[in-house]
Structure formats: structure tokens, C-alpha cells
Amino acid sequence: QLFDRTKHPVLPTEIGTVVIAQARLVLNAKRQIDEAVRDAKNETSGSLKVGVIPTLAPYLLPLFLTSFLKRYPHIQLELEDLLTQQIIEKLKLGLLDVGLVVTPVEDRAIIEMPVFYEPFVVFASPEHPLLAGERALFGQLDTEDMWLLGEGHCFRSQVLNLCEGKTRKGGSHPFRYKTGSLEMLIKLVESQRGFTLLPALATVDMGPDRRALVREFASPQPKREVSIIVHRGHLKKRLIECFKTEMLAHIPAPLREKADGVVVGWA
């Protein structure tokens, strides 16, 4: 028997567990064969499962999704917001085809394909000293006055790495707030004062009032390397290339080059 029906809920027996595991392997192998055939035929059809980190998804995806879907109507996109480690694990399990993350991730099972380099910018409350000049200077950053994302987000780790050597105790804010939302950090700066660091794409759709509170860093600018990542045994190469090409076509030109910048790691 494959299932023990005397238990509630019904559970697989020992042999049932083995059979189910083998069935999953067979189904996965069948999917891989189908995808290998599509790759060989250079077809642009099928499903593409993409994991995207939360600090990228709302700012990057709207730039090219509409044109991608119009250009490739036979590709079924499945998009999911996930943290970097979750994306890596799902790639290894075959539950995702591709990830959009910040690199390097330093995992031998993962192939990284850098796509663009996104500067960090300052977003500060009105009258904040960081807004005094046309460009922000790294030496001006006071980490006690800074709002951060919650733990687990690579952007938080990058900001802390960028500010390495600057002491951060409890912070000067009247309360602590753990959030995974850059928009929430922006609202906290507006209502509670202080400043935060943002990826440049998060400022693209800002109105003039918010734009007045943004400062780019003086050269060399700190940047994050945004990459497509795949498992070393990945398939769907044609679909992934289409996805990458369409994305690149809609990325602002200055972000495509690493020139005049320093890539900040997050590991």
C-alpha cells in the first residue's frame, strides 16, 4: 500500500514515500527533456518562473514587463517576490528558472550574469545637512540618524557594509521599526526626520517634492550589482536570454556601466 488510510490526515507509507519521491524525479526529468527540446529548436514558448528580491521588483519589473509580454506572448511568466536565499534554494530545487538578485552571492551551484549597476542615493528629511550640497559625501553620513530595512534583506547588509567603521548604537529615532519596504522607509524619513539610503530606481517615479529630498553621492558612487542568476544545470536558455535582452533595453543607459562606481557587497 502506498498510503496509510488509518491515519488522519492520510499519510504515505514508507514505500509510498519512496514511490512519490521517484515519481517527482521522473516528472522533473520529463520537464527537463521538454525544455531541452525547446532550447534545441530555439523556441520562444513555455513557462518562465522568476524570483525577484523585494527591493528590485516594484521598480524594475514595471520598466519592461508590458513590452516583454507583448513581444513574447507565448512565454508564460510566473513572478514571485522572495529574499535572495529563498531564490537560491528554489533554483537548486528546480522550483524557479531564474532569479533577479544583487550579487555576488558566492555559491558554486549558481551562475551569475550581471545586468546593471544601480547607484545608492540619499533620501533625507527637509533641512537635513545631507541636502546642503549638490552631492552627498560619504563622510557626512551619521548612522545614528539613519533608517534601515529589517534583517534578512541584502540591501540592509549592503548599507551596513557601506557604513562599516561608523558606529551605530541604538539610533536616535524615537522608536524602532522593522520593515521590508523601501516605501515605508521613505515615509518614515518624511514624518520622523533622519535619512535613509535607496537604490536609484526607487526614485524614478518620485514627484518633484520627493525628488528635492534626494542626493546622489559624489564620485566614486557606491553601487549594487544586479544580476540574473540561474542554477548551473539550468535549461530554458532561449527564454532567459529573451528576458535579459528585454530588461536591458529598458534600463536607463547610465546604469548599464560600472564606470565611476564602487560595487558594494552584501555577504
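The values are calculated or read from the model by the stated rules, or taken from the named source; none is laboratory data. Computed from a predicted structure; not experimentally measured. Don't worry about glycine lacking a Cβ; one is built from the backbone with ideal geometry, like all the others, and counts go over all protein chains shown.
Which one of these is in contact with a Lys or Arg (Cβ under 8 Å, 6 or more places away or on another chain), more than 15 Å from residue 115 (Cα to Cα) and either of a type in the set (Asp, Glu) or modelled with pLDDT of 90 or more (or both): 216, 225?
On the way: 225 fails: more than 15 Å from residue 115 (Cα to Cα).
When all the criteria are applied, what remains is 216.
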Worksheet entry | Residues within the stretch 78-115 that are touching a residue at least 12 places away in the same chain (Cβ under 8 Å), exposed (fewer than 15 other Cβ atoms within 10 Å of the Cβ) and hydrophobic (A, V, I, L, M, F, W, C), tallied | 4
Discussion item. So, in the stretch 229-246, exactly how many residues are outside any helix (DSSP H, G or I) and either more than 23 Å from residue 106 (Cβ to Cβ) or in contact with an Asp or Glu (Cβ under 9 Å, 6 or more places away or on another chain) (or both)?
Written reply: 6
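Assess whether residue 249 counts as being in a helix (DSSP H, G or I), in contact (Cβ under 8 Å) with a residue 24 or more places away in the chain and closer than 29 Å to residue 150 by Cα.
Values: in a helix (DSSP H, G or I): yes; in contact (Cβ under 8 Å) with a residue 24 or more places away in the chain: yes; closer than 29 Å to residue 150 by Cα: no.
So residue 249 does not fit the description; no.
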Fill in: Qualifying residue in the stretch 126-144 (condition: touching a residue at least 40 places away in the same chain (Cβ under 8 Å) and on the phi > 0 side of the Ramachandran plot)
no
Worksheet entry | Qualifying positions in the stretch 103-141 - assigned to a loop (DSSP other than H, G, I, E, B) and not hydrophobic (A, V, I, L, M, F, W, C) | 104, 106, 107, 108, 125, 126, 127, 128, 133, 134, 135
Worksheet, complete the sentence: Of the listed residues (245, 196, 203), the one being touching a Lys or Arg at 6+ places or on another chain (Cβ under 8 Å) and among the hydroxyl-bearing types (Ser, Thr, Tyr) is 203
Worksheet item: Can you tell me how many residues in the stretch 91-138 are among the small types (Gly, Ala, Ser), within 24 Å of the chain's Cα centre (by Cα) and within 18 Å of residue 224 (Cα to Cα)?
Response: 1
Fill in: Residue pairs meeting the criteria (Cβ under 7 Å; at least 6 apart or on separate chains; first on the phi > 0 side of the Ramachandran plot and small (Gly, Ala, Ser), in the stretch 151-162; second part of a helix (DSSP H, G or I) and crowded, with 23+ Cβ neighbours inside 10 Å)
none
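Would you be able to say whether some residue in the stretch 215-223 is in contact (Cβ under 8 Å) with a residue 24 or more places away in the chain and hydroxyl-bearing (Ser, Thr, Tyr)? Lay out the reasoning, then the answer.
To start, the set of residues in the stretch 215-223 that are in contact (Cβ under 8 Å) with a residue 24 or more places away in the chain comprises 215-223.
Going one step further and asking which of them are hydroxyl-bearing (Ser, Thr, Tyr), we end up with 219.
There is at least one residue in the stretch 215-223 that is in contact (Cβ under 8 Å) with a residue 24 or more places away in the chain and hydroxyl-bearing (Ser, Thr, Tyr).
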Discussion item. When the residues of the stretch 126-146 are narrowed to those that are in contact with a Ser or Thr (Cβ under 9 Å, 6 or more places away or on another chain) and not aliphatic (A, V, I, L, M), which ends up surrounded by the fewest Cβ atoms within 10 Å (Cβ to Cβ)?
Written reply: 135
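Among the candidates 215, 211, 224, which residue alone is over 21 Å from residue 87 (Cβ atoms) and surrounded by 13 or more Cβ atoms within 10 Å (Cβ to Cβ)? Lay out the reasoning, then the answer.
On the way: 211 fails: surrounded by 13 or more Cβ atoms within 10 Å (Cβ to Cβ); 224 fails: over 21 Å from residue 87 (Cβ atoms).
Going through 215, 211, 224 in turn, the sole match is 215.
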Fill in: Test: residue in the stretch 80-88 that is in the same structural domain as residue 184 (by TED's automatic domain parsing) and in a strand (DSSP E or B)
yes
